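Notes for the one structure printed next.
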Amino acid sequence: MAQAPVKAAKTTKRKAKSHAGIDTRKLHTLDEAVKMIKSRASAKFDETVEISMNLGVDPKYPDQQVRGVCSLPNGTGRTARVAVFAKGAKAEEAKAAGADIVGEQDLFETINSGKIDFDRLIATPDMMALVGRLGKVLGPRGMMPNPKVGTVTMDLKKAIADAKGGAVEFRVEKAGIVHAGVGKASFTEEQILQNVRAFVDAVAKAKPTGAKGTFVKKVAISTTMGPGVRLDPAATVSGSQA
């Protein structure tokens, strides 16, 4: 018996309005794109401004991995919850610096059970033997502490301040894409521009040795519920480094 055709979901008036005038093939300047996404952010909550960058890399090769951290000049618009693996004096330092969760074996058990009530995880080097056993839990979520992005460190005060002040980690996915939240729709246009430029610059500087040809192939920004607006990748990268 033939199956009945699936009916297409009705496009809401809000979605239709937000997508009106968007040419998905056209490349825009960053200034144009920011104006477009801000004017179309109509959800009842403060939407996140998101960026997606398609890179000319194949992450299955070790020399084409892209990973780093970017301190957004205007923050992310939300306060991150930070957990820290530390003991003794360093645990006290973490608490004084504003860490939301500090622990050793107790924190290990909590995370290992699947409960992750934080946005960023930091650890002192001496705790990595314990933290390393959480690879299967933290790895898929991209939350494993790493010295390359400043989350394995003895300077907990700085690491915690960075995490709460707008530091955003990025890591290329299997399809060669990097994406992140770089602010809120309620930010001014200039604040969004500064954040996007800082993020693009950080990704560009993280170009791996194995990357050949054009590194940044496509760039688009959007808000949580809004349409994606494509940017001119060459102009966006050169503009971020100006």
Quiz item: Considering amide H positions built from the backbone, and no H for Pro or chain starts, which residues 5 or more places from LEU231, or on another chain, come under 5 Å of its amide H?
Solution: HIS28, VAL219, ALA220, ILE221
Self-check item: Estimated Rh, the chain: Kirkwood, alpha-carbon pairs, angstrom
Solution: 19.7 Å
Quiz item: Just going by the charge dipole of the chain, with Lys and Arg at +1 and Asp and Glu at -1 on Cβ, which of ILE221, LEU72, ALA96 is farthest out on the positive end?
Solution: ILE221
Quiz item: Taking only protein heavy atoms and a 1.4 Å probe, what accessible area per residue, in Å², does the chain have with all protein chains in place?
Solution: 55 Å²
Quiz prompt | Expected 222 nm ellipticity per residue - DSSP helices of 4 or more, -39500 (n - 2.57), all of the chain, to 500 | solution = -8500 deg cm²/dmol
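Starting from 0.36 nm per residue, how many nanometres of slack lie between LYS207 and GLU92 once their C-alpha separation is accounted for?
The LYS207-GLU92 span can extend by a further 37.7 nm.
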Self-check item: Sulfur and carbon atoms: percent of accessible area, region 78-225 [1.4 Å]
Solution: 51 percent
Exercise. Pop out the ³J(HN,Hα) list for region 41-48 in order, Karplus 6.51 cos²θ - 1.76 cosθ + 1.60 with θ = phi - 60°, rounded to Hz; leave Gly and Pro as x.
Key: 7, 10, 5, 7, 10, 7, 5, 7
Exercise. For an R0 of 35 angstrom, estimate the FRET efficiency from the Cβ-Cβ distance between GLN105 and ARG78 and round to the nearest 0.05.
Key: 0.70
Quiz item: Expressed as a rounded percentage, what relative contact order does the chain have, with Cα pairs under 8 Å and six or more residues apart?
Solution: 38 percent
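Any chance you could run the full-extension gain for HIS179 through LYS44? It's 0.36 nm times the residue separation minus the Cα-Cα distance, nm to one decimal.
Values: separation 135, 0.36 × 135 = 48.60 nm, distance 2.35 nm.
That pair, HIS179 and LYS44, stretches by 46.2 nm at full extension.
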Quiz item: About the Cα centre of region 189-240, what is the dipole size in debye to 20, counting +1 per Lys and Arg Cβ and -1 per Asp and Glu Cβ, all else neutral?
Solution: 360 debye
Exercise. Let me know the charge dipole size of the chain about its Cα centre in debye, to the nearest 20, where only the beta-carbon of Lys, Arg (+1) and Asp, Glu (-1) is charged.
Key: 1020 debye
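Going by average Cβ neighbours within 10 Å, how do the peptides 135-146, 196-207 rank, with the highest at the top?
Values: 135-146: 14.4, 196-207: 19.8.
Ranked by mean Cβ neighbours within 10 Å, highest first: 196-207, 135-146.
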Quiz item: Which value results when the Cα radius of gyration for region 33-92 is divided by 2.2 N^0.38 Å?
Solution: 1.75
Self-check item: Label point distance in nm, ARG25-THR188, each placed 7 Å from Cα along Cα→Cβ
Solution: 3.8 nm
Quiz item: Once amide H atoms are built 1.01 Å from N in the peptide plane, which residues 5 or more positions from ILE122, or in another chain, come under 5 Å H to H?
Solution: ALA83, VAL84, PHE85
Quiz item: For the chain, what is the percent of antiparallel DSSP beta bridges, rounded to the nearest 5?
Solution: 70 percent
Self-check item: SER71 long-range amide H proximity, modeled H, under 5 Å
Solution: VAL168
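The values are calculated or read from the model by the stated rules, or taken from the named source; none is laboratory data. None of these values were measured; they are calculated from a predicted model. Backbone-built Cβ (ideal geometry, glycine too); neighbour counts: all protein chains shown. Heavy atoms of the whole protein, side chains included, go into the accessibility calculation; ligands, DNA and RNA do not. Shrake-Rupley method; radii C 1.70, N 1.55, O 1.52, S 1.80 Å.
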